[in-house]
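Working notes for the structure below.
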Amino acid sequence: MKKKKILKWLRIILTIYILGGVALYFLQDYILFHPVTLKRDHNYSFPEPHNEISIPINGEDTLNIVDFKVTDTITRGVVLYFHGNKRNISWYSKYIPYFTRHGYQVLMIDYPGFGKSTGKLTEKKLYDWAQQVYRIAIRRFAADSIIIYGKSMGTGIAAQLASIRSCKRLILETPYYDFPSVIKQYLPIYPIRWMLHYSLPTHEYLKNVSAPIAIFQGTKDRLVTYKNALRLKPLLKQGDEFITIKGGGHNNLYQFKEVTDKLDSLLSF
């Protein structure tokens, strides 16, 4: 009798495990990404001067970019900003003044399915679209005036772009070693590396970045843990910086003066 109960519970546990794995595999885009879509005729109400760039890639894919302009100063360069895994450009536009006040205009894209961008999200497409933005930037600015910036999910995209294209500097805010390592901390019972459609191996790309690198990471980050990001530190070359923010979380680093002061320093020359 006891043996039957044990077998029954084992079957239940196995069934739950299998169903959970199937759900993770087929529904991972809904689990990993939290976009907010916008209608094509939506009017952005950003306080900064800006214009939209819409690039039809094919019948299904359209890349939407917002070009934030510099005000009251000479334009010194451009920041290519790759945002995180939720909402759209509107959510991240609050960071724009930190760059424009130093004379850097900002090109910020929305990924497929985010904001006004359309199409199916794939890792390859993230890299291809990043290169589209770079091509726009390089037509206007020399490579030594282009800063590539990634936040959270965008750090892997930014690192990949900086590994194949020249730039002045790569700045990463709350980066991960790779995507599977982030998910693995929440679901250690699954073979995550075999199941995910996304790898975004930041650690591989950093090895090929010749530009100076600066990383900002908080010790209280619960999404991308400090331990995870710290695995990138040994990959940095001489002159690169790993800036530890004690008490910093995943979405509040700009509330720390040491972050904004350091960013001001990086952008001032």
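Computed from the coordinates by the stated procedures, all read-outs in this text should not be read as laboratory data. No experiment lies behind these values; they were computed from the predicted model shown. Counting neighbours? That spans all protein chains shown, and the Cβs are built from the backbone with ideal geometry, glycine included.
Within straight-line reach of K125, meaning a Cα separation under 23 Å, sit the following lysines at least 8 residues removed in sequence or on another chain: K39, K86, K116, K151, K207. Which whole-percent values make up P(r) of the range 34-267 when all C-alpha to C-alpha distances are grouped in 5 Å steps starting at zero? It works out to 1, 7, 15, 19, 21, 18, 12, 6, 2, 0, 0, in whole percents. When V79, V259, V22 are arranged by Cβ crowding within 10 Å, least crowded first, meaning fewest neighbours, the order is V22, V259, V79. Based on C-alpha pairs under 8 angstrom that are at least 6 apart in sequence, the range 172-216 has a relative contact order of 56 percent.
The residues I215, I16, I192, when put in order of fewest to most other Cβ atoms within 10 Å, stand as I16, I192, I215. By DSSP, the beta bridges lying fully in the chain are antiparallel in about 30 percent of cases.
Residues of the range 181-211 falling in the label zone of L14, defined by backbone nitrogen less than 19 Å from a point 7 Å along Cα to beta-carbon, are 189-191. Across the chain, the relative contact order, built from alpha-carbon pairs under 8 Å that are at least six residues apart, equals 14 percent. Look at T37, T202, T73, T118 and count the other Cβ atoms within 10 Å of each Cβ; fewest to most, that gives T73, T37, T118, T202. Each Lys or Arg adds one and each Asp or Glu takes one away; over the other residues whose Cβ falls under 13 Å from the Cβ of V182, this sums to +3. For the chain, find the longest principal axis of its Cα atoms and tell me its angle to the long axis of helix 2-32, 0 to 90°, nearest 10. Computed tilt is about 20 degrees.
Compared with the dominant Cα axis of the chain, that is its longest principal axis, helix 123-140 is turned about 0°.
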